[in-house]
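In what follows, a structure is listed as structure tokens, so that the remarks can point back to it.
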């Protein structure tokens, strides 16, 4: 027994020594650069060139170190170059004369993408490309339940990379897209699960990307396959967990999240032309997503714009000349002006009006949204229970408030821009019913004939105009207003009538003090080319009834009015009524002059 133990130990030691002697010899003679290049080409389909003979090391693993490696399209230019590639090999396979990669490290790789294409097409001759062809055939036979058992089961291993760079090539010029890249692709067998992690700088911004798929071959072969994605960066964060296929007809369905502190920066970062109007703030979206290359739908979506949460459903259509966004969004609170400036080419409550409307906006984005909000603001107006629509298509941008509680009553309003050959055409509509006149006057910035009390205002203006002043200079339309008992601030009606009866001209500003109680006020006017022709303007106070007619310019506020002051109807029917007095109001509204013109009876 002792002799047998000794012989066993001796034989084992001899085999170990023989292996130590034979293995380096086999590796040094078989694992030459051409053989390794052939195996790399067999997997990838690219032409592979190694700049120098490989360096072979045997401890702690059998490893070939390659320098100046280039992978090129067959008969074409280089796709990937690397300063160094370290290949870990199976020692047993090497003894048998085979090359079996277990781990490959690309150090300092540079990937070149022609014309900024988002991916590199693998040549059809490679083992991976042939495996994808097999997957496509399996999926074509049974798209809903492909026979995964028929997928190739070749061992693939692990691919690592560090200090990588991606450059875009267009017209012979190169532009760096990403750098300082590092990561790992783990794919044990072609028919199994794979995962990719990568990090680095993309256009100057640090990012981290994680991808995984239960079956990459089926995923790219066109079958619905479980997949996850996570992108973390300063400009934006994105995640997806669901099923997808990336075949000829890509499709995805699952739960998605997206957030960005400034959506404008996302477009700048991705070097994509923004389809949005004015600067947009933060956005966060969480939704169930389903869609293909023609349509993406967000169901049960929670969307937060600049801190204002909303809930609804959105459809994004990608098949036309420009993307189209449609759907419904319900907000708790909404800044209507900020929303419109983000998703339409104008801000209707900007100080200077819409300004020069972006004529190309509709070529970048079409919009059809139905909005609701428990509370909203539109410029200086606070609204409740808002129901509105926003629409932008080729040649038209419109916002319609179909119903809202505002100014103590109800409000309906619309603003529409049409791009026509003669210029931008603007239409404004406003119907404010049973509102508080003081609140309306404050919101409208009115300082003259701005009564308190409850009433109704209707305004329609149409015309060409690139801003508010231009619109007011050229507008056509109508204005009606009717208010009940209240007060007329900024004017003393008793002093006005008294001054008129004195017979001497005076400045309207002389009587623009205090508040005058009124029993009612009515205005009816037609607007033509920016001039309002007043058919009726009547102010009824406890002591006077004042009627005005004439014209006023909308933009400059120039007045040319004829006035008539007489006792209220009850006194006018008395046996000895006081004389009705006539006067003129002329000049700019902030410096108008009042000129008495006499009485209808009793005096000239």
task: May I ask you to list pairs of residues, at least six apart or on different chains, whose Cβ atoms are under 8 Å apart, with the first in segment 491-510 being on the phi > 0 side of the Ramachandran plot and the second being modelled with pLDDT of 90 or more and buried (at least 17 other Cβ atoms within 10 Å of the Cβ)?
output: 503/596
task: Kindly provide the set of residues from segment 201-215 that are crowded, with 16+ Cβ neighbours inside 10 Å and under 28 Å from residue 131 (Cβ atoms), ordered by number.
output: 209, 210, 211, 212, 213, 215
field: Residue that is modelled with the highest pLDDT, among those in segment 400-453 that are in contact with a helix residue (DSSP H, G or I) (Cβ under 7 Å, 6 or more places away or on another chain) and not in a loop (DSSP other than H, G, I, E, B)
entry: 432
message: Just to be sure before I move on: is residue 516 touching a residue at least 12 places away in the same chain (Cβ under 8 Å), surrounded by fewer than 19 Cβ atoms within 10 Å (Cβ to Cβ) and in a strand (DSSP E or B) in the structure I sent?
response: no
- prompt: Is it the case that segment 198-205 has a residue that's more than 26 Å from residue 77 (Cα to Cα), in contact with a strand residue (DSSP E or B) (Cβ under 9 Å, 6 or more places away or on another chain) and modelled with pLDDT of 95 or more?
  reply: yes
- prompt: Which of (1) modelled with pLDDT under 90; (2) closer than 30 Å to residue 174 by Cα is the odd one out, the single condition residue 80 does not satisfy?
  reply: (1)
- line: Contact list, first residue from segment 46-70 and at positive phi and at pLDDT 85 or above, second anywhere and surrounded by fewer than 15 Cβ atoms within 10 Å (Cβ to Cβ) and part of a loop (DSSP other than H, G, I, E, B), beta-carbon distance below 9 Å, six or more apart or interchain, is 68/51; 68/52
- prompt: With segment 276-358 as the region, which strands (runs of 3 or more DSSP E) entirely inside it contain at least 1 residues that are modelled with pLDDT of 85 or more, over 20 Å from residue 238 (Cα atoms) and touching a strand residue (DSSP E or B) at 6+ places or on another chain (Cβ under 7 Å)?
  reply: 308-317, 324-335
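Against the definition (over 33 Å from the mean Cα position of the chain (by Cα), at pLDDT 90 or above, within 16 Å of residue 539 (Cβ to Cβ) and buried (at least 18 other Cβ atoms within 10 Å of the Cβ)), how does residue 525 come out, yes or no?
yes
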- prompt: Out of segment 305-324, which residues are surrounded by 18 or more Cβ atoms within 10 Å (Cβ to Cβ) and within 14 Å of the chain's Cα centre (by Cα)?
  reply: 305, 314, 322, 324
query: Which one of the conditions (1) over 46 Å from the mean Cα position of the chain (by Cα); (2) at pLDDT 90 or above; (3) surrounded by 14 or more Cβ atoms within 10 Å (Cβ to Cβ) does residue 479 fail to meet, given that it meets all the rest?
result: (1)
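Collect the residues in segment 501-513 that are touching a helix residue (DSSP H, G or I) at 6+ places or on another chain (Cβ under 6 Å) and part of a strand (DSSP E or B), keeping them in residue-number order.
506
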- prompt: Which of the residues that make up segment 387-398 are in contact (Cβ under 8 Å) with a residue 24 or more places away in the chain, surrounded by fewer than 24 Cβ atoms within 10 Å (Cβ to Cβ) and assigned to a strand (DSSP E or B)?
  reply: 390, 391, 393, 396
query: Do the conditions hold for residue 363, that is, is it modelled with pLDDT under 75, surrounded by 18 or more Cβ atoms within 10 Å (Cβ to Cβ), out of contact with any strand residue (DSSP E or B) (no Cβ under 9 Å at 6 or more places or on another chain) and closer than 22 Å to residue 265 by Cα?
result: no
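The values are calculated or read from the model by the stated rules, or taken from the named source; none is laboratory data. Note that the coordinates shown come from a computational prediction; the quantities given were computed from them, not determined experimentally. Please note: Cβ atoms are built from the backbone with ideal geometry, for glycine as well, and neighbour counts cover all protein chains shown.
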